[in-house]
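Enquirer: Mind looking over this structure? Questions follow.
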Amino acid sequence: MIGEVIGHFHIDDKIGEGQFGIVYKSQDIRLNRTVAFKVLKERYLHSDSTWDRLLHEARVASALNHPNICRVYEIGEEQGVNYIALEFVEGRTLREMLDSGPLPVRTAFCLAIQIAEAMAYMHEAGILNWDLKTSNIMVTPADRIKIIDFGLTNLMEQERTKKEQGSYPSAQEVGWTIGTLPYMPPELLRGEEPTAQSRIWSLGVVLFEMLTGELPFSGRSPFELGTHIMTEPVKKLPIELPAGLRGIVHRCMARDNSRRYHSAVEVLNHLQSELVGYQIRAILANRPSSQDHQYGRNWWRSALSHRWLQVRHVSTADPGVTNP
């Protein structure tokens with residue numbers, strides 16, 4: 001397929017392959033822009049209803065407009081190829097970054113705030129059925145995050161289950177088709193419907209992974225892993241991490257979902273507040289020892305102004321801003 005033209009897309013290079021599709025770096029000839037061109041594997045498009053559902057989900061996704069969410073440009077069929085054209089994102093996945101170990105605290109704060117902003121936007125749009133995990137989060141060279149998968153893959157997994165079983169998954173089975181097991185909360189494993197707080201748990205798992213480089217639960221099989229998620233306490237976070245940040249992670253992952261944050265906005269506010277406190281403590285740890293009071297006042301004014309601007313840069317919606 002490389003070198004071919006499908007519709008108005010010139011296929012340049014293969015950049016990835018998953019269970020349901022192959023992704024190519026391509027050029028949109030009509031609009032002169034680079035896109036990620038995802039070719040859907042035909043064997044998973046079992047019927048016209050599958051394609052209709054994909055069209056519906058893609059239309060919903062294409063209406064999303066947020067700097068931390070990958071844009072869906074187009075979905076269509078050309079020359080016997082079913083495809084989705086997506087925003088092309090330079091960078092690497094958060095999972096790939098974590099292969100070299102946990103992130104520095106400030107970097108974790110900056111990325112977590114952006115993820116929470118994207119979650120808040122999607123919750124406001126009424127989108128809950130999406131798969132939050134570190135392999136679905138791209139980090140650009142400017143330390144901007146992009147969520148690159150928000151439901152289309154899950155929909156195809158449901159269609160695959162329908163094909164194999166002759167019906168859509170039951171309430172007891174739906175948990176296994178609307179997320180990735182290590183990131184799924186206990187209530188979904190019990191077969192309950194997803195809520196905004198279900199995704200708060202997933203955010204907690206992502207935060208835990210960023211801060212430790214590992215998942216909060218483990219198991220030798222899917223069954224054992226699921227059992228541990230439903231019954232075992234979350235692994236302890238390193239005591240060296242800020243207490244407030246540890247508290248946010250553990251509240252996100254409260255087994256009783258009534259004790260979790262009620263919304264992504266609430267998580268976002270707490271992350272921003274804790275970042276301010278973390279930066280003030282860093283300022284105090286490096287304050288000047290000079291007895292010159294005027295120098296001290298000027299240093300404080302400069303330091304606080306700089307740190308406040310950093311916090312605002314982290315939370316801005318302008319995709320062109322680079323985190324310091």
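The values are calculated or read from the model by the stated rules, or taken from the named source; none is laboratory data. Here the structure is a predicted model, which means the values were calculated and not measured. Here the Cβ is made from the backbone with ideal geometry for all residues, glycine too, and neighbour counts use every protein chain on show.
Enquirer: For the subset of segment 16-27 comprising residues that are exposed (fewer than 14 other Cβ atoms within 10 Å of the Cβ) and either assigned to a strand (DSSP E or B) or touching a Leu at 6+ places or on another chain (Cβ under 6 Å) (or both), which member is modelled with the highest pLDDT? Before the answer, list the steps.
Expert: Taking segment 16-27 as the starting set, the residues that turn out to be exposed (fewer than 14 other Cβ atoms within 10 Å of the Cβ) are 16-19.
Retained after the next criterion (residues that are either assigned to a strand (DSSP E or B) or touching a Leu at 6+ places or on another chain (Cβ under 6 Å) (or both)): 16-17.
Details: Gly16: 85, Glu17: 81.
The extreme case among them is Gly16.
Enquirer: For Gly247, state whether it is part of a helix (DSSP H, G or I), among the small types (Gly, Ala, Ser) and assigned by TED's automatic domain parsing to the domain that holds Leu103.
Expert: The answer is yes for Gly247.
Enquirer: So Val89 fits all but one of (1) touching a residue at least 60 places away in the same chain (Cβ under 8 Å); (2) outside any strand (DSSP E or B); what number is the exception?
Expert: The one condition Val89 does not meet is (1).
Enquirer: Among (1) at pLDDT 90 or above; (2) assigned to a helix (DSSP H, G or I), which single condition is Arg255 missing?
Expert: Single failed check for Arg255: (2).
Enquirer: Within the bounds of segment 259-273, is there any residue that is farther than 20 Å from Leu103 by Cβ, of a type in the set (S, T, N, Q) and touching a residue at least 12 places away in the same chain (Cβ under 8 Å)?
Expert: Within segment 259-273 (the criterion being farther than 20 Å from Leu103 by Cβ, of a type in the set (S, T, N, Q) and touching a residue at least 12 places away in the same chain (Cβ under 8 Å)), the answer is yes, since at least one residue qualifies.
Enquirer: Continuing with the same structure: Looking at (1) modelled with pLDDT of 90 or more; (2) buried (at least 17 other Cβ atoms within 10 Å of the Cβ), which one does Gly101 not meet, given that it meets all the others?
Expert: Unmet condition: (2).
Enquirer: Would you please list the contacts, defined by Cβ atoms under 6 Å and residues six or more apart or on different chains, that run from a residue in segment 190-209 that is among the aromatic types (Phe, Trp, Tyr) to a residue that is assigned to a helix (DSSP H, G or I)?
Expert: Within 6 Å, the pairs are Phe208/Val249.
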